[in-house]
Amino acid sequence: MAPDAKQTVFWRVDKNCPDPEVIRQAGHILRRGGLVAFPTETVYGLGANALDGRAVESIFTAKGRPRDNPLIVHIADTGMVYRYTRSVPERALLLMRRFWPGPLTLVLPGNGRIPREVSAGLDSLAFRMPDHPVALALIREAGVPLAAPSANLSGRPSPTTARHVYSDLNGRIDAILDGGPAGMGVESTVLDVTGDVPVVLRPGGVTPDQIRETAGAVVLDGSLSLAGPPPRRPRSPGMKYRHYAPAAPLVLVEGDGVRVVEEIKRLAADYARRGKKVGVLCRAGNRDKYAGVLAVPAGGACDHASVAAVLYDALRRFEGTGVDVILAEGVQPEGLGLAVANRLRRAAGRIIKVD
Ligand code: TXA
Ligand code: MG
């Protein structure tokens, strides 16, 4: 079927007390091979029965996602991990106990019982238990693990509201469960626990410090470093794609707060002189410093969680404004800021350092 030929049903659900009849119908759609978008505590996901290769295949079609980018398997109980893996190291078990349900995805050795469409041919599988009553109710009702990427068209910012999902995927999927805004706003941390030392493949809601407290040690994958070009084969295939690309080119300015504002004002004046329409993505408190440009506020300076929560929505808000360039204030890559800085860097066509 052409990806645009579906009638997408839109259901509003109470986050803490989803209507059992809606969950029953959504579970039914999943069991017969359909696609259902659902809220999680990070971003909205697009779910399919992970045991049904054809259903999983249709996720890639609906999103326009490259076939070599594997999907996370969403589960509602840890028993599901044991059913589909060769072995679960002690370290992984400790991490599950501390962080599940929550924004930590664990990459483990698969046992071949999940169709290869999910892992894009890799031997490993990524598992996550979302901390969201609607997501957990849906997985339980479906009775199967759900393969689920973020519910956006490939290459667009991840969806943090059901409206974002609708604008990207209406007509391409069977149903959307609207449980209100996703909480964190950035995706889960992807952690490879197949080796001796856990490796962060994608920074996210659980920070390296939190992982270290539980697992003893942790390292960041080389592709996350800013020094030098990214390795040709990152271990998380998704990281090689320039995700989160906003409509206009984004110039990221990183460094000391005061100098960042000065540099953005200088760049904005420069672009304006050349007849370009400028947008600025800034901390809420800095908005008034950028007179005469479209300044979209995204969170507070000292509060990474508030930036994460609105970042993708802010990037989408520049679409249709006709800006020729977006100048973005960087964030300190500490704690949750590491995930935010990573997403901004991957959205950026150019990064300027001012200290
Ligand atoms: O918060 C999240 O993780 C959201 C919600 C919906 O759960 N999901 C999400 O999925 O962000 P997606 O498909 O947009 O990103 C999954 C990431 C990709 O970078 C992919 O390459 C990586 O996880 N991944 C999946 N399976 C992997 C594996 N076996 N080994 C290494 N990386 C893997
Ligand atoms: Mg994604």
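The values are calculated or read from the model by the stated rules, or taken from the named source; none is laboratory data. This is a predicted model, so every value here is computed, not measured. Cβ coordinates were reconstructed from backbone atoms using ideal geometry, including for glycine residues, and neighbour counts include every protein chain displayed.
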Checklist entry - Quick check: is even one residue across the stretch 153-176 in a strand (DSSP E or B) and of a type in the set (Gly, Ala, Ser)? => result yes
Next on the checklist: If the requirement is being over 23 Å from Gly171 (Cβ atoms) and assigned to a loop (DSSP other than H, G, I, E, B), which of these qualifies: Ala5, Ala76?
Outcome noted: Ala76
Next on the checklist: Just checking, does the stretch 186-206 include any residue being touching a helix residue (DSSP H, G or I) at 6+ places or on another chain (Cβ under 9 Å) and closer than 26 Å to Glu21 by Cβ?
Outcome noted: no
Checklist entry - Take the residues of the stretch 168-207 that are over 17 Å from the mean Cα position of the chain (by Cα) and free of Cβ contacts under 8 Å to residues at least 60 places away in the same chain: which is surrounded by the most Cβ atoms within 10 Å (Cβ to Cβ)? => result Val199
Next on the checklist: Checking Arg259 against (1) of a type outside the set (Val, Ile, Thr); (2) in contact (Cβ under 8 Å) with a residue 60 or more places away in the chain; (3) closer than 28 Å to Glu187 by Cα, only one condition comes out false. Which one?
Outcome noted: (3)
Checklist entry - Within the stretch 139-151, how many residues are among the small types (Gly, Ala, Ser) and either free of Cβ contacts under 8 Å to residues at least 24 places away in the same chain or within 11 Å of ligand 1 (Cβ to nearest atom) (or both)? => result 4
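Sort out for me the strands (runs of 3 or more DSSP E) sitting completely within the stretch 250-317 that have 1 or more residues that are outside the structural domain of Gly183 (by TED's automatic domain parsing) and modelled with pLDDT of 95 or more.
Strands (runs of 3 or more DSSP E) meeting the threshold: 250-254, 278-282.
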Checklist entry - Out of (1) at pLDDT 60 or above; (2) over 20 Å from the mean Cα position of the chain (by Cα); (3) closer than 19 Å to Val340 by Cα, the odd one out for Gly222 is which? => result (2)
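Within the group Ser124, Ser87, Ser154, which residue is touching a Leu at 6+ places or on another chain (Cβ under 7 Å) and either touching a residue at least 24 places away in the same chain (Cβ under 8 Å) or more than 11 Å from ligand 1 (Cβ to nearest atom) (or both)?
Numbers: Ser87 fails: touching a Leu at 6+ places or on another chain (Cβ under 7 Å); Ser154 fails: touching a Leu at 6+ places or on another chain (Cβ under 7 Å).
Every option except Ser124 fails the conditions.
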Next on the checklist: Out of the residues in the stretch 41-99 meeting the condition of being more than 14 Å from ligand 2 (Cβ to nearest atom) and among the basic types (Lys, Arg), tell me which one is farthest from Ile114 (Cα to Cα).
Outcome noted: Arg98
